[in-house]
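The next block holds one structure in the form of structure tokens; read it before the comments.
The values are calculated or read from the model by the stated rules, or taken from the named source; none is laboratory data. If you're wondering where the values come from, they're calculated on a predicted model, not measured in any experiment. Glycine also receives a Cβ, built like all others from the backbone with ideal geometry; neighbour counts cover every protein chain displayed.
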Amino acid sequence: MNQRLMGIGMTSRRTRERMVRRLHDQGIRDTKVLNVMAETPRHIFVDEALASRSYEDTALPIGHNQTISQPYIVARMTELLLQKGPLHKVLEIGTGCGYQTAILAQLVDRVYTVERIGPLLKKARDHLWELKLKNVSYLHSDGGWGWPDNAPFDGILAAAAPQEIPETLLQQMAPGGVMVIPVGQGQRQELHRITYSDKGFEDEVLERVSFVPFLSGTS
Ligand code: SAH
């Protein structure tokens, strides 16, 4: 690994291991998720000026009024998505800087990621390229449409909160599929896990969360 990926001081592997111990203390139990987060350099996904804060448990700005999700929420959503068995095709809505994408790409066969802000998608693609993660397909689009050409998906993860779960996304779930999505407005958002079985859609409401809004259109 080159020096930039390895990090130093506040971006070193030891700092990352401290982050992972904290995630464990916060209740994350999936060792596959914890191991991948211990291996993945989070600092390369944020501006250099913020790199020394990249392993704190906070959301940080990534430009265009958006934020990189805090490590706990990335871990928690990934754990919830994978809890019911291994996944092959996962649709991610809201690529942002690509950190969550990078974690998913190491745990599932293929990630299809959709972002509505073009320059963010480009940066994310560069970051994943630098990490040599090649099992990812990228789309500049409004994720409210999902990705019909590649549907159905056995996992869907959204990193932005719609007021209601888009019908189109439900239609793109494979039988047995799982979707993890924040729903609600402003401070009143809750994380949902939808499971699609032969009995229909089961909706579990999990914890209070705070995400950027799910917006329509592209820019
Ligand atoms: N997991 C990402 C989170 C980024 S924030 C990370 O850690 O960096 C959420 C992202 O969702 C933003 O980049 C925002 O532009 C994007 N977004 C919001 N609404 C969207 C939509 N309808 N379609 C696609 N992306 C959307």
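Residue under question is residue 112, and the condition is that it be under 25 Å from residue 207 (Cα atoms) and without any contact (Cβ under 8 Å) to a residue 60 or more places away in the chain; does it hold?
no
Restricting attention to the range 92-137, and to residues there that are among the aromatic types (Phe, Trp, Tyr) and touching a helix residue (DSSP H, G or I) at 6+ places or on another chain (Cβ under 7 Å), which single residue is farthest from residue 32 (Cα to Cα)?
Looking at residues that are among the aromatic types (Phe, Trp, Tyr) and touching a helix residue (DSSP H, G or I) at 6+ places or on another chain (Cβ under 7 Å), I get 112.
Taking each residue of the range 28-41 that is under 14 Å from residue 77 (Cβ atoms) and looking for partners that are at pLDDT below 95 with beta-carbon atoms closer than 6 Å, six or more apart or interchain, yields nothing.
As a summary of the residue check, residue 5 satisfies the conditions (1) closer than 29 Å to residue 176 by Cα; (2) in contact (Cβ under 8 Å) with a residue 60 or more places away in the chain; (3) not basic (Lys, Arg) except for the one numbered (1). So in the range 78-129, with the set limited to residues that are polar (S, T, N, Q) and more than 20 Å from residue 212 (Cα to Cα), which one is nearest to the chain's Cα centre (by Cα)? Once the filter is applied, the top-ranked residue is 106.
Based on what the data block shows, is residue 190 in contact with a Lys or Arg (Cβ under 9 Å, 6 or more places away or on another chain), surrounded by 14 or more Cβ atoms within 10 Å (Cβ to Cβ) and over 20 Å from residue 95 (Cβ atoms)?
Yes: the conditions hold for residue 190.
Residues that are within 15 Å of the chain's Cα centre (by Cα) and either more than 19 Å from residue 104 (Cα to Cα) or among the polar types (S, T, N, Q) (or both) within the range 184-211 comprise 209, 210, listed in sequence order. Would you check which residues across the range 1-29 are surrounded by 20 or more Cβ atoms within 10 Å (Cβ to Cβ), modelled with pLDDT of 95 or more and part of a loop (DSSP other than H, G, I, E, B) and list them? Listed by number, the list holds a single entry, 28.
The rows are residues; the columns are (1) in a helix (DSSP H, G or I); (2) within 19 Å of residue 172 (Cα to Cα); (3) within 9 Å of the ligand (Cβ to nearest atom); (4) among the small types (Gly, Ala, Ser).
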residue: 85; (1), (2), (3), (4): no, yes, no, yes
residue: 97; (1), (2), (3), (4): no, no, yes, no
residue: 107; (1), (2), (3), (4): no, no, no, no
residue: 111; (1), (2), (3), (4): no, yes, no, no
residue: 127; (1), (2), (3), (4): yes, no, no, no
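Can you spot a residue in the range 45-60 that is more than 15 Å from the ligand (Cβ to nearest atom) and in a loop (DSSP other than H, G, I, E, B)? No, the conditions are met nowhere in the range 45-60.
Any chance the range 182-200 includes a residue that's touching a helix residue (DSSP H, G or I) at 6+ places or on another chain (Cβ under 6 Å) and part of a loop (DSSP other than H, G, I, E, B)?
Taking every residue of the range 182-200 in turn, none turns out to be touching a helix residue (DSSP H, G or I) at 6+ places or on another chain (Cβ under 6 Å) and part of a loop (DSSP other than H, G, I, E, B).
Only one residue in 123, 132 is basic (Lys, Arg) and either under 28 Å from residue 217 (Cβ atoms) or modelled with pLDDT under 95 (or both), so which one is that?
Checking each option against the conditions leaves just 123.
Among the residues of the range 151-160, is there at least one that is touching a Ser or Thr at 6+ places or on another chain (Cβ under 8 Å), part of a helix (DSSP H, G or I) and among the hydrophobic types (A, V, I, L, M, F, W, C)?
Of the residues in the range 151-160, the ones touching a Ser or Thr at 6+ places or on another chain (Cβ under 8 Å) are 157, 159.
From the residues that got through so far, the ones that are part of a helix (DSSP H, G or I) too are none.
For the range 151-160, residues touching a Ser or Thr at 6+ places or on another chain (Cβ under 8 Å), part of a helix (DSSP H, G or I) and among the hydrophobic types (A, V, I, L, M, F, W, C): absent.
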